[in-house]
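See structure below.
Derivation of every value follows stated rules applied to the coordinates shown; laboratory data play no part. All values derive from a computational prediction rather than experimental measurement. Cβ placement follows ideal geometry from the backbone for every residue including glycine, while neighbour counts extend to all protein chains displayed.
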Amino acid sequence: MDAGVTTKKSMLDGVVWNILGQTYTPKLHSENAMLWHAVLPADTFVPPHIHSTQDEWIHVMTGELEVDFGAETQKAGPGDLIRMPMGQPHGVFNRSGAEATAMFGVAPTRGLYDLFGKISDVPDPGEVVRLAALHEIDFLPPPA
């Protein structure tokens, strides 16, 4: 990721995606970075996956999330920052029994905005996985 300022002209308004039961509201989108606000109801999750060409991070605002890094699972609460470098398998789970909110970010964007538009309101997780694979995101089997 190159140093520099992404200006507010990259900010977005009025876009909301529903992806696998979660609500994502993009806040900023440029070639270098994408940020979005996420609402994760209880028992929802981002399936385990690998970004081969993007770094990702999550700033937990409310609630509690668990991140499965393959070999270990860590919990994160309000104010915690979760870092997932490219090539690091990870899955994000809300097993807390309550809603959680977070700001997600990726850099560089690599077509993620377009992917989210395509998978919004797609009810079949298998189709979400298929579409994601076309955008340099490889999903893994869920943990046992």
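Observations on the structure shown:
- Options Glu31, Glu66, Glu56: the member that is among the charged types (D, E, K, R), touching a residue at least 24 places away in the same chain (Cβ under 8 Å), closer than 24 Å to Val129 by Cα and buried (at least 18 other Cβ atoms within 10 Å of the Cβ): Glu56
- Candidates Arg130, Arg83: the one that is out of contact with any helix residue (DSSP H, G or I) (no Cβ under 6 Å at 6 or more places or on another chain), under 24 Å from Val5 (Cβ atoms) and surrounded by fewer than 16 Cβ atoms within 10 Å (Cβ to Cβ) is Arg83.
- Looking only at region 28-64, residues that are in a strand (DSSP E or B) and either under 21 Å from Ile137 (Cα atoms) or touching a Ser or Thr at 6+ places or on another chain (Cβ under 7 Å) (or both) come to 23 in all.
- Residues that are in a loop (DSSP other than H, G, I, E, B), farther than 16 Å from Leu40 by Cα and in contact (Cβ under 8 Å) with a residue 40 or more places away in the chain within region 71-121 comprise Pro89, Pro108, Thr109, Arg110, listed in sequence order.
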